[in-house]
1. Describe numerically, in nm with one decimal, the distance between label points set 7 Å from Cα along Cα→Cβ at residue 21 and at residue 42.
2. Relative contact order of the range 3-82: what whole-number percent is it, with Cα pairs under 8 angstrom and at least 6 residues apart?
3. Give the angle, between 0 and 90 degrees and rounded to the nearest 10, that separates the Cα long axis of helix 17-28 from the longest principal axis of the Cα atoms of the chain.
4. How far, in degrees from 0 to 90, does helix 52-62 lean away from the longest principal axis of the Cα atoms of the chain, to the nearest 10?
5. Give me the distance in nm between label points sitting 7 Å out from Cα along the Cα-to-Cβ direction at residue 73 and residue 14, one decimal.
6. For residue 61 paired with residue 35, estimate the spin-label separation in nm (one decimal), with each label point 7 Å from Cα along the Cα-to-Cβ line.
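Read-outs throughout are calculated quantities, based only on the coordinates presented, and are distinct from any laboratory measurement. None of the values given here were measured: they were computed from a predicted structure. Cβ sites come from the backbone with ideal geometry, for glycine too, and all protein chains shown count toward neighbours.
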């Protein structure tokens, strides 16, 4: 089995409204050192596959069809045998 960990974040230059709200709240709580906050999503997907090549094909399809909007997101995948 393989675990695919998919990290999805906003592309450079795309507005991150949740990150902006968190930054503002942290500043209001006294954390004036915070200059920026970016919010990312992490998906952990356990796959019952024979090899990493098959896993890569499946995860790429999942990302394309559901997990990622390629206009505003970029993503990275890490694989781990479990």
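1. Going by the 7 Å Cα→Cβ label model, 2.2 nm.
2. 52 percent.
3. 40
4. Result, in degrees: 50.
5. In this crude spin-label approximation the distance works out to 0.8 nm.
6. Going from the residue 61 label point to the residue 35 one covers 4.4 nm.
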